[in-house]
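First the structure, in the form of structure tokens, and then the observations on it.
The values are calculated or read from the model by the stated rules, or taken from the named source; none is laboratory data. Please read all numbers here as calculations on a predicted model, not as lab measurements. Positions of Cβ are backbone-derived with ideal geometry, glycine not excepted, and every protein chain shown enters the neighbour counts.
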Amino acid sequence: MTLWHKGYLILLFLYFFSSFVSGKNELRVLSDSLDMIIKDKELFTEKKVYEINGLKKLLNKDEISSLEYIYEINNKLYDEYKKFKLDSAIHYASENVRIAQKMNNQHLIYASEINLASVYSFSGKILESEQILKNIKTKDLPKELLPIYYETYSRFYDHYATVSSQGRYYNQVEIYRDSLLSVSDSSSYRFKMNMAYKYIISRRSDKAEDILNKLLTEESVNNPEYALITYFLGVVYRMKGIKELEKKYFIKSAIADAKNSIKENASFQQLARIYYRDGDITGAFRYAQLAIEDAIFSGVQFRTAKMSEFYSIINVSYQIKEAKSNSKLKRYLLLISVLSCFLILLVGYVYKQLRKLSRIKEELSQTNVKLKNVITKLSETNNLINERNEQLSESNLIKEQYIAQFFHQCSSYIDKMEDYRKTLYKLTINKNFDELIKKTKSTSVVECELEELYAHFDNIFLGLHPSFVSSFNALLSKNEKITLKADGLLTRELRIYALLRLGITDCMQIANFLRCSLSTIYNYRSKMRNKAAANREQFEEMVMKIGVSKINN
């Protein structure tokens, strides 16, 4: 073998090894994502219920009078419920049959009856579903309803064969699927999915894979169709014996089912079988339970029938595993008991040795107590000095900032007063008394100056204490956080505590500065103390300490 051939084989090995490792990592990430989504499964269900309730509210409006409108809303509710809760889907399908008959609209009668037959079939009401389907004559059906009718009949026989355990009905499934394909638009999603399934049944996995991969590029994980496409891809890769891809696509299907609150699903069943096959009994038991819960919640009888026998096998295996675990646990407890006895003897020996040392330590302890007292006093004195230094440092910094700002602000106010005097003088000279009265009567100048004063105050304060807002929010309960205004300025609550932080503790002074009543200041302070995350009595003391160490540094 030449050197070139050896190098090629090494590169080929490295490529397949890296592909294998990356595939394992992807499966781990997908599996973790599924676990997180399962934890939040109830949230997705609540979202689904919220959307359904929004549709129901449309039916409760007083101005609704059109039967066509009610039919349309019922149809949307039927679509929402058919893979979520079959009893409700049956209710709205039945209502639409009644409404369509009342409108004497034959097209809508056929459409609603087919919908009702479909959910009857899923819920295990085989006789009712069959009666409806038999009463519909294909020659009378509109062309656009034929694909839906044949698909419903095909699924009916699939459910019938599953529930009755009579395999001969599967031939009828394929007959009606062929009828469906003959009347469907070849570019439609229904045609492509049924064609892919036909290829799967006929063991032509490559053709099914091509169709499904093309469909997958057109769908988002947030669409229910995504769950079905990835489920069939999992079936395809099971046929091909590619276990990693099989597991990957069944996990993707389960994620899409959970996100879209699709309770009529088969993905969890398949994952239970995969984990059981791989020897992970705990995982298999968990996914089997999820599959049973979804089937019972939605009322899909044929899913429950499919899962019940397998679930009993998994349950027995799980119980055996638990029994083995308990047996191991008992052995470990026995070993721990022996070790505990040995440890007790060892502790007794050590205790005797410690008694010998205790006398020496007692003498040293007395000396240490004296030293500790001295150190404590020194520490207290040092802390007091540090605290005073921090206060002086903060006070000096605030003074420097505010003195500079005071001179600037005074100069600015003098300029503004001069401009305002000139304006009034001009109005007086020009005898424009109406405008003069309007100017002197208006409070807009004062309000504008107040806003500017508050803005200056906020900017200076946040410059001195940039972390004040985040530190203040850290003292509040989780749901009581306060955010700055859109322009980056403080709210009234934050402004009150900013003044307190600067040492202005007189409520009257704060009320005068903020142009509000004394009771308003008391109310704001009381409300903020009630929102404190820790001790409300110490809340304002903790506010006064915000930024102290930073300023000292």
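Values for this structure:
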| item | result |
| --- | --- |
| Set 504, 496: member being of a type in the set (A, V, I, L, M), within 27 Å of residue 529 (Cβ to Cβ) and crowded, with 17+ Cβ neighbours inside 10 Å | 496 |
| Cross-chain or 6+ apart pairs with Cβ under 8 Å, region 429-445 first and of a type in the set (Gly, Ala, Ser), then surrounded by 11 or more Cβ atoms within 10 Å (Cβ to Cβ) and modelled with pLDDT under 75 | none |
| Matching residues, region 214-230, being within 17 Å of residue 33 (Cα to Cα) and surrounded by 20 or more Cβ atoms within 10 Å (Cβ to Cβ) | 226, 227, 230 |
| Unique match (being among the small types (Gly, Ala, Ser), modelled with pLDDT of 90 or more and within 37 Å of the chain's Cα centre (by Cα)) among 18, 31, 112, 22 | 112 |
| Region 489-502, subset in contact (Cβ under 8 Å) with a residue 24 or more places away in the chain and either not aliphatic (A, V, I, L, M) or not assigned by TED's automatic domain parsing to the domain that holds residue 452 (or both), residue farthest from residue 539 (Cα to Cα) | 492 |
| Any pair with Cβ under 9 angstrom, 6 or more apart, that starts in region 229-254 at a residue that is within 18 Å of residue 276 (Cα to Cα) and ends at one that is at pLDDT 90 or above and outside any helix (DSSP H, G or I) | 239/203 |
| Flag if residue 89 is of a type in the set (A, V, I, L, M, F, W, C), touching a Lys or Arg at 6+ places or on another chain (Cβ under 6 Å) and surrounded by 15 or more Cβ atoms within 10 Å (Cβ to Cβ) | yes |
| Complete set of residues in region 105-156 that are among the aromatic types (Phe, Trp, Tyr) and over 16 Å from residue 300 (Cβ atoms) | 110, 149, 150, 153 |
| Test: residue 91 is out of contact with any Leu (no Cβ under 7 Å at 6 or more places or on another chain), closer than 28 Å to residue 260 by Cα and assigned to a helix (DSSP H, G or I) | yes |
| Near pairs, Cβ below 6 angstrom, 6+ apart or cross-chain, from region 187-201 (closer than 18 Å to residue 145 by Cβ) to any residue that is of a type in the set (Ser, Thr, Tyr) and crowded, with 18+ Cβ neighbours inside 10 Å | 190/184; 191/184 |
| Any chance residue 160 is within 22 Å of residue 300 (Cβ to Cβ), in contact with a helix residue (DSSP H, G or I) (Cβ under 9 Å, 6 or more places away or on another chain) and at pLDDT 90 or above | no |
| Top-ranked residue of region 175-191 - restricted to ones that are of a type outside the set (A, V, I, L, M, F, W, C) and surrounded by fewer than 16 Cβ atoms within 10 Å (Cβ to Cβ), ranked as nearest to residue 119 (Cα to Cα) | 190 |
| Criterion (touching a residue at least 12 places away in the same chain (Cβ under 8 Å), in a helix (DSSP H, G or I) and out of contact with any Ser or Thr (no Cβ under 7 Å at 6 or more places or on another chain)) met by exactly one of 206, 158 | 158 |
